[in-house]
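Each remark here refers to the structure printed beneath this line.
The values are calculated or read from the model by the stated rules, or taken from the named source; none is laboratory data. Keep in mind that what you see is a predicted model, and the values were worked out from it rather than measured. Cβ sites come from the backbone with ideal geometry, for glycine too, and all protein chains shown count toward neighbours.
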Amino acid sequence: MMNHKLTELVVDTQQESVGFDEEHILEALKHFLPTQTPLKDFIHHNSLHAFQQMEFYDAIFKASKIFGYKVTFNLDEYRGLYQIGRIRMDILDKVISERKGPAALSAWKQLVLLQSYDETVHPRIGRLRSAWKTAYRIDLNNLVQPLLFRILGSYLDQGIALWHFPFEDQGLLNAVRELERNSFSSFFKTNRVKKLLLDEKNCTISNLLSLLVGDEAYFEQYLFDQQFSHRGWSGMSAALEAHPEAILYPKKIELRDLIVLELLLEMDALEAQLAGAWIPLSEKVKVKPVDLFADFETSELHEVYRIWQDAFEWSYYDEVLAGLQQLKLKRPESKRSHKHFQAIFCIDEREDSIRRHLEAMDKDCETLGSPGFFGVEFYFQPENGKFYEKLCPAPVTPKYLIKEFGANSHREHELLYTKKTHTLLRGFLSTLSLGVLAAAKLFLTIFRPKMSPAISNAFAHMNVGGQLTVENKSLEDRENDLQIGFTVEEMAARVEGLLRGIGMVEDFAPLVYVMAHGSSSANNPHHGAHDCGACSGRPGSVNSRVFAIMANHQKVRRLLALRGLVIPDETQFLGALHDTAADEIAFFDEHIISQKNATAHKKNVATFERALDLNAQERSRRFASINTHAELKHVREAIRLRSVSLFEPRPELGHGTNALCFVGHRSRTKGLFFDRRAFMNSYDYRTDPEGKLLLGVIRPLPIVCGGINLEYYFSRLDNYKLGAGTKLPHNVTGLIGVTNSSDGDLRPGLPLQMIEVHDPVRLVILVEHFPEVVLKTVQAQPEVYEWFINNWVHLVAIHPETNQFYYFRNGAFVLYEPLAKEVKSAEDMQYLIRNAKEMKTNFIVDATQEHLPVHVIND
Amino acid sequence: MNQFLPYFILLPLAGWVLSALFPNRNEKIIFGISIATVALHSIGVFALSLFWLYQDKPNVFYDGVSLYKTHDSDFSIDFYFDGISSVYAVVASVLTFSVMIFSRFYMHRDKGFKRFFNNVLFFYLGLSIVLFSGNFETLFIGWEILGVTSFFLIAFYRDRYLPVKNALKVVSLYRVADAALLLGIWLCHHAFEKNITFSELLNPAVLQEHFMEEPIYPLLISSIFLLAALVKSAQFPFSSWLPRAMEGPTTSSAIFYGSLSVHIGVFLLLRTFPIWESSEVFRAVVIAFGLITSLMATATARVQSTVKTQIAYSSIAQIGLMFIEVALGWHTLALIHFAGNVFLRSYQLLVSPSVLSYMIHDQFFNFIAPQHNIKNTLWGKLRLTVYMLSIKEWNLDNFMYRFLWNPLKRLGALLDFIPVRAVTLLFVPLFLVGFFFVYNRELLPPAALEHLPSAMAVIGIMLALKAFKMRGNAQLSWSLVIMNQLFSALSIGLHEEFEHVQILLFLSGIVVSGIVGFWCLRYLVKEGESIKLDRYHGHSFYYPRLTFVFMLAALSLSGFPITPTFIGEDLLLGKIDEHQFLLLGFTALSLILDGLVVFRIYARLFLGPNEKGYHEVAFRSS
C-alpha cells in the first residue's frame, strides 16, 4: 500500500511545481533511497523496488539513466556469452522474431551481434551539485562527507565506541545543538552557520536551501543530488526512521535532520573556504533545473540489451521446461503407499540438493517444501534475552510471543574482543598480556579453526535444552501487547494451513521431520543474508520446533480430525535444523519419540547423514580449497571447517545461482537435476482444484523469492553501486553496516563473494495448475499481480492434464513449447558433479560455465 | 655469522622476482612461492636469533658491496644484526607467515591476488632491508620500498575513489619522512665526515669525537630522524593518515598498518638512540610527543564508531607509549610492548568483521540503556569539548593541508604569471647554456660561479612549485618535473667539479624515465583519452599494461632506490656543503614536490573510477 501512495507522489513530482513541498520531497527521497536496515537482520528485497510499478525493462533503463546503475551486461559480455553457447542461437532468433517480427530478424540480428554503440551512461543525478566544483573549484563532498559520516556514525553507533554520543536521546539535530551550546569546540568553522543551527525556528530545509541554492525550482534536484552522493547513509537514516525497532540500542533519527545538518555543513564549508564570497548556486548555473524523473526515451541500444537479456534468460528457462517435459514423458507417476518418513524443508533453493540426495538414499521417503517459518509467526525471546526476535517473513507483524525458559545457558566470552584494549592503560596492559594470546590465537585460527563465541552459530540461536512457551495459558498472559503462546484453536489453524497448503493431507509417514535451516559463518557481517529469508534473516530452528510441538499436540490433532485432516496417532513430528554452511543437522526434542518410532528414527538419522555427505560433496565442487575427489568424510569435514574459518570469505554461496521457483507436486521435479537453482514449494492441485489455497501459497513467493532473486540480480550486475563490493576491505561501522575506508559511505547490497557464481536471470515461478486458475489467483491482489504484469518475475503455468506450458505475457497465458527437444540425462550425477569444471575467473563468461545443465537422472 | 646476513635480503628478493613471473590465475604457484619464501626466511631468522643468543649477543656487522665510492663518500650496502633486529625480524616473519596463509583463502579469486602477494613479498623485502640494514643508506632503500608498497596496497582497489585519494594522502606524508631521512643522512655524513654505520654509532668515542666540535649536530640529526619517525609511526601531529590507510584487503591492513609498517618509527628511534641518548632535553621532547599522541589517540579511539579506525587509534596510542619507553631507555620493555601490540592489533584487525555479530549478540543479552546525565558544569563542558575534538580527530586530518600543502600551493600560485609556453621557450635554452658551463666552468667569472648554483636551485624549485600547483595538462607537469630535476643537477654541477659518470648516471635515469613517461602520455592522447589532471581518469581500466610501464617510469623519475636517478640524487645531495642550508632546503623541498607531482600524475591518470563505456563504476563516496 505504501508503495502506491509513494508512486503517486513521484508522479506528482514530475508534474511540477507549486513551490517547494518539504514533506513531499522527503517522501520521494525515502522512496528511492535503499531500504536495507542494519545488517544484523538481512531481509532480501528488490534493489530497485522504487521502480517496481513500471515494466521491468522500462524501469531498469530509467533507473540507469537517473542514477547511473549498470542494469544489464554490456555488449561484449552478452556477445561473449553467445560465443560460448550460453546464449543459444535458436533462442536468440526466437526472441528477436517475437519482438521485432520474423521479417526483421536478420536486420536485428546484425545489430545485436555486430553493431558497435557508445554504451556510456550519462546519469542525471549529481549534475546540479557538481556545479559548485566548476563554479568555485571547491569539492563539497571532500569537505563535508568525512565529518558528516563521522557524526552520523557516532550518533547511530550501536556499541563500537566506548563513549556514546552525548544528548543522543534528543534526536540528531538537537544533540548537535546541545553539543554546540555546551562545549568549547564546534563542528562548524564559521559563526554564521553555527548561529543558523541554533536558531531552531528558522533552521529548516527550505530556509537553508534558499540561502544555499536560491531558486526554489532547483531544490528537489539539489536534494536528490546531495542525498544520493551518499545513498548508504541516507538510506540507513530513512530506514531507521521508518523502522526504529531494527536496532537494539534505540536512536532517534530522521532523514530531515540529516539533510539539515548536511546543508549547514555545506554552507559552513563554502563560508570557510571562500571567505563568504559566494552566491547561491542557482544564480551561478546557466542550465535549467533537470527533472530527474522525466520520461526517458529508450534507444536502439536498449532494445538490443533487452533482446540479449531475454535470450540469456530463456536459454536457461527453455532447458528447464524441456527437462520437465522429458521427465513427465519418461516417468509416469507412481504412488508409494508406505513412506519411511517425510521431511518438510524450506523452499530455499539450497535445500534442493539435500532433498535430492535424501530421496536417492531412501526411495521410500518423501520430501516437501514450504516457506521456512512453517506458517507460525511470532516473536521469540531467548532466555535472558533483553529483546525479541521476529521469526516470520518481514512484511508480517506477529501478535504472539514465544519465550524460552529452563535453558540455563551461559554465554561464553572472547577475551580478544574486549573493548578495554582501546583505552590507554588497560590497552597497555592488555597489549603486554593479550599480545601473546593473540599470537597463539592467530595460529589456531589458521591451523585449527573451530567454533567460538565470535562465530555466528546457527545452532546457538535456540538452546535445545530449553523449553518454549508454545501453548497459551490464558488470554491474559500477555507481554508488551503480545500474546504469550498460541491457543489450541490458533495452533490448529496454523498446522492445518501449512499441511493443506503443501497437499499433505493423507498417507502420513510415522515420522515427519520439520527441517528448518540456518547458516554458521565466521568473520561475516553479512551472515544474516545466509539465514532463512522467511524468518527475517534468522535460523528457523524455533519455528520448526514450535510447529512440531503444535502438530503433536493432542488437542490440536482432535480439532484437525474434526475438520477432516486426520493425522494417525503413531505419526510424530520432529523439529530439526539444517546448517546450510556446515552441512550438519540437529534434531530437537528427540525424547518424545515413541518406542515404536525410535528404531526408524535412528535409521533415518543415518540416512540424513549420508545425504549430508553427498550434499557436502556436491557443494564442494564450487570451492577451490576443497578437493571434491577426496574421501567423503574429508570433504564433509572440510565443508564444516569452512563455516568456522575466519579466513574464509565464502563459508557458503548463499542464494547465488537461484533462478527457478517450482510450485507443485514433487513428482514433477523428482529426478531432475537443477544444480541447486530451484526454490521448491510443495502444492497439490488435486487437493485444491479450485485454487482456494493457491493464493496463500503464491502470495509470499514474489516478495521472498523474487526479492532474493532481484537483489542477487542487481548486486551481480552492478556490484559497485547496487552491491556492497568486495568484502575484503569492509570496515564494520556502528554495528549497523559496512563501509569502505574510514571516510566512506555505507554499502548496502550483497558483497562480491556472494554473487560471483550468480547468473543474473529473473526468477521464473512455475505453477502446476490450470492456467485459468493461476491467472485468477495472481490477479486477486494488486500488489502480487504487479510483480507479474510488470515482468519482475516470470510466471509459467504447467497444465496438470495436458502437461503443456503456458507462459504469462501481457496479462494472459500463451502456450510455450520448449525449443530444446531433449536435455541431458545421467546415471551417476555425483560423478558429473565431482568432475565439473571450476570457473577460471569470476567474469561472467567464465563464471557461468561452472553451472551444470539440467539433467534427468536415470534410476 | 655475518656472512649469513645478505641471504636475509636475497631470499625475499628472489621470491619476489620469481612470484612476479606467474599470471594471476596461478594462485597456487604464486602463493606457494610466497609462503615458501617467508617460511624459509622465518626459519632463518629463528636460527640466526638462537645462534646469536648462543654466541652471547654479539653485534653482527656485514660490510657489503659498495655501490659507488668517491674520495669522501662510500655508498655501500651494509648489514647489521642485534637484539632489536632480532625481535623485529622474528615478530615480522611470524606475522607475515600467518597472515599470508590467512590471505591465501581470503584473497582467493580477487582480481588482484597476484598484486597482493607480490606487494606483500616486496614489502617483506623492504622490511628485511630496514631491519638488517647496517647504515642509514641501506635503511633508506628499505624505507622507500615500504613507502611504495604502502601506496600500492592502499590503492589496491584502484578503481574506487577513496583508496586512491587516501593512498596519495599517505604517500605525500611519507614523502616528507623520506626527505627527512635523506636530510638526516646528509647531516650524518657531514657530522661524521663519512657514511656512518650503526655499529660505529654504538661506539661512544666516535660520537664524542664528532659531536664535541659541532654540538648543533646531534640535536639537528635527532630532530630530523624524530620527524621521520613521527610520520611513519603516525604520531602527533601526523596521526590521521593511519586509519585512512586501511583501504586494502583486511589482511594487508593487519600486516601493514595494524602492525609492522607503523612500528618502523619506533625502530628508527631505537637505532638512533645512541645519538640522542645524552640529551635530556631531546628525550623530554620525544616523551612529550609520545604522551600527547597517546592521550589524543586514546580519546579519538574512544569515540570511533568504525572498528578499523578504532583499532588504528588504539595502536597509535600504544606506539606513543613506546616512544616514551624508548626515550626513557626501557628498550626491552619497548620491544615486548612492540611485539604484543603487533600481534594484538593484527589479530583484532583480522577478526574485525566478526565484531558485528559478536557484539550484537552480546548486546542482545546484556544491553543496559545508557544514562544521559551530562552536567552543565565546567567539567561537563570540557568533557564535551574533548568529545567533539575527538570526533574531529583533533583537526589533524587538515593539519598537513593547512600548514604545508596549501602554503606551497599558494606559493605556486604566485608563479601564475609565468605562462606555460614560456617555460619551454625560456628554460630549455637556459638549461642548455647552463649545461655548457658545467663543463666549461673556467669561462665563468668567480662571482657568477658563486651565485649561479643557488639561482639554478631557485629556478628548479619554481618549476617544482608550478608543477605542484598545476591541475591541467599532465604532459606539462611531467616536463616540469623533469626540468626541475635537470636544474637541480645543474645547480650542483655548477657548484663543484664532479665526475662525468655521476652526472651521466643521474641524467640517464631522468632522461630515460622522462621519455618513457612522455611516450605513455602521448599514447593516451593519441587514443583520444583525456590526460587533464583535474580529476581521476582510471585509465588502468582500459590500459593495464601502459599503467605498469608508466608506473616504472614514475618510480624512476621520483628517485626510487636503486634506479639511476636515486643514486644520482644521493650523489648530488652529497655534494652540498655543510653550510649551504638554503641549497639543501631547496633540494629537499623539490625532492618532496617532485615525488608528489609524479605520484599524483600516476594516480589521477591511471587510477580511480573510469567512467567511459558501460561497466560497473564505483560511487565517489566509496
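Output yes when any residue across the range B:546-556 is within 14 Å of chain A (Cβ to nearest Cβ), modelled with pLDDT of 90 or more and buried (at least 24 other Cβ atoms within 10 Å of the Cβ), and no when none is. So far as the range B:546-556 goes, no, none of its residues is within 14 Å of chain A (Cβ to nearest Cβ), modelled with pLDDT of 90 or more and buried (at least 24 other Cβ atoms within 10 Å of the Cβ). What residue, of B:S477, B:S491, is hydroxyl-bearing (S, T, Y) and over 24 Å from the mean Cα position of the chain (by Cα)? Of the residues listed, the single one that is hydroxyl-bearing (S, T, Y) and over 24 Å from the mean Cα position of the chain (by Cα) is B:S491. For the range B:312-343, the set of residues classified as touching a Gly at 6+ places or on another chain (Cβ under 7 Å) and within 8 Å of another protein chain (Cβ to nearest Cβ) consists of B:S314, B:A317, B:Q318, B:L321, B:A339, B:G340, B:N341, B:F343, listed by residue number.
The set of residues in the range B:357-370 being surrounded by 16 or more Cβ atoms within 10 Å (Cβ to Cβ), under 27 Å from A:Q170 (Cβ atoms) and facing chain A (nearest Cβ under 7 Å) consists of B:M359, B:I360, B:Q363, B:F364, B:F367. So, B:A20, is that one under 24 Å from the mean Cα position of the chain (by Cα), closer than 28 Å to A:K727 by Cα, in the same structural domain as B:T197 (by TED's automatic domain parsing) and surrounded by fewer than 18 Cβ atoms within 10 Å (Cβ to Cβ) or not? When the stated conditions are applied, B:A20 passes them. Which of the residues that make up the range B:20-36 are of a type outside the set (D, E, K, R) and out of contact with any Leu (no Cβ under 6 Å at 6 or more places or on another chain)? Those that are of a type outside the set (D, E, K, R) and out of contact with any Leu (no Cβ under 6 Å at 6 or more places or on another chain): B:A20, B:L21, B:F22, B:P23, B:N24, B:N26, B:I29, B:I30, B:F31, B:G32, B:I35, B:A36. Taking the listed residues B:D397, B:D416, the one that is part of a helix (DSSP H, G or I), among the acidic types (D, E) and modelled with pLDDT under 85 is B:D416, with no other qualifying. Taking the range A:727-818 as the region of interest, the strands (runs of 3 or more DSSP E) fully inside it that hold 1 or more residues being more than 25 Å from the chain's Cα centre (by Cα) are A:764-768, A:794-798, A:805-809, A:812-816. Picking from residues in the range B:463-522 that are charged (D, E, K, R) and in a helix (DSSP H, G or I), the one that is nearest to B:L583 (Cα to Cα) is B:K466. Filtering the range A:486-507 to residues that are part of a loop (DSSP other than H, G, I, E, B), surrounded by fewer than 21 Cβ atoms within 10 Å (Cβ to Cβ), touching a residue at least 60 places away in the same chain (Cβ under 8 Å) and not charged (D, E, K, R) leaves A:G503, A:V505. Of the helices (runs of 4 or more DSSP H) lying entirely inside the range B:156-262, those carrying at least 3 residues that are closer than 15 Å to B:S315 by Cβ and touching a residue at least 60 places away in the same chain (Cβ under 8 Å) are B:241-244, B:250-255. The set of residues in the range A:84-99 that are part of a helix (DSSP H, G or I) and either touching a helix residue (DSSP H, G or I) at 6+ places or on another chain (Cβ under 8 Å) or among the basic types (K, R) (or both) comprises A:M89, A:I91, A:L92, A:D93, A:K94, A:V95, A:I96, A:S97, A:R99. Residues of the range A:357-376 include at least one that is crowded, with 24+ Cβ neighbours inside 10 Å, of a type in the set (F, W, Y), in the same structural domain as A:A458 (by TED's automatic domain parsing) and not in a strand (DSSP E or B).
Tallying residues that are at negative phi, in a loop (DSSP other than H, G, I, E, B) and in contact (Cβ under 8 Å) with a residue 60 or more places away in the chain within the range A:131-160 yields 4. Determine which member of the set A:S409, A:S433 is of a type in the set (G, A, S), surrounded by fewer than 21 Cβ atoms within 10 Å (Cβ to Cβ) and more than 9 Å from chain B (Cβ to nearest Cβ). A:S409 is the lone residue from the list that is of a type in the set (G, A, S), surrounded by fewer than 21 Cβ atoms within 10 Å (Cβ to Cβ) and more than 9 Å from chain B (Cβ to nearest Cβ). Pick from the range A:692-738 the residues that are charged (D, E, K, R) and more than 9 Å from chain B (Cβ to nearest Cβ): which of them is surrounded by the most Cβ atoms within 10 Å (Cβ to Cβ)? Top of the filtered list is A:E711. On inspection, B:N203 does not qualify as touching a Phe, Trp or Tyr at 6+ places or on another chain (Cβ under 9 Å) and of a type in the set (S, T, N, Q).
For the range A:739-752, a residue qualifies if it is at the interface with chain B (Cβ under 8 Å from one of its Cβ atoms) and closer than 23 Å to A:L653 by Cα, and the qualifying residues are A:T739, A:N740, A:R747. Tell me the residue from A:F378, A:F374 that is in contact with a Pro (Cβ under 7 Å, 6 or more places away or on another chain) and within 30 Å of A:S409 (Cα to Cα), please. Exactly one of A:F378, A:F374 is in contact with a Pro (Cβ under 7 Å, 6 or more places away or on another chain) and within 30 Å of A:S409 (Cα to Cα), namely A:F378. Summed over the range B:299-311, the residues that are assigned to a helix (DSSP H, G or I) and either within 7 Å of chain A (Cβ to nearest Cβ) or not polar (S, T, N, Q) (or both) give a count of 9. If you take the residues in the range A:58-79 that are in a helix (DSSP H, G or I) and basic (K, R), which one is farthest from the other protein chains (Cβ to nearest Cβ)? Step by step, filter the range A:58-79, then rank; the result is A:K62.
Among the residues of the range A:412-423, not a single one is within 24 Å of the chain's Cα centre (by Cα) and within 14 Å of another protein chain (Cβ to nearest Cβ).
Against the definition (farther than 17 Å from A:L324 by Cβ and aromatic (F, W, Y)), how does A:F674 come out, yes or no? Taking the combined requirement at face value, the residue does not satisfy it.
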